[in-house]
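One structure is given below, encoded as structure tokens.
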Amino acid sequence: MEPVRRTIFRKVFDYHGPLAWYPGHMAKAQRIMGERLSRVDLVIEVRDARVPYSSANTFLGAVLARKAKVVVYNKADLANPNLFSVCTSE
């Protein structure tokens with residue numbers, strides 16, 4: 001097995017340009033989620049293990065700051081096990 005090079009992952013994607021590409025159905029789903037969150041005790045967020053930070057939903061992070069949350073990584077068998085363990089240890 002090759003040694004792991006220290007990789008620094010981007011945790012935030014700061015983009016302040018126009019979001020003209022944002023599909024209407026996504027905006028609608030986000031609005032509905034926001035309305036229903038008051039009835040939720042626990043959130044299960046599913047992320048792609050190959051891109052654990054990039055697949056995080058930033059909307060959920062801001063809205064669910066006070067909610068209990070479990071993060072589940074799918075496709076973990078396809079992820080680099082060395083890098084994946086670094087990401088999940090944080």
Subject >> Options VAL12, VAL51: the member that is under 21 Å from VAL72 (Cβ atoms) and among the aliphatic types (A, V, I, L, M) >> reply: VAL51
Original post:
Within segment 20-41, can one find any residue that is surrounded by fewer than 10 Cβ atoms within 10 Å (Cβ to Cβ), closer than 27 Å to ASN80 by Cα and not acidic (Asp, Glu)?
Top reply: no
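Each value in this text was obtained by applying a stated rule to the coordinates, not by laboratory testing. Fair warning: this is a prediction, and the values are worked out from it, not measured in the lab. Cβ atoms come from the backbone with ideal geometry, glycine included; neighbour counts cover every protein chain shown.
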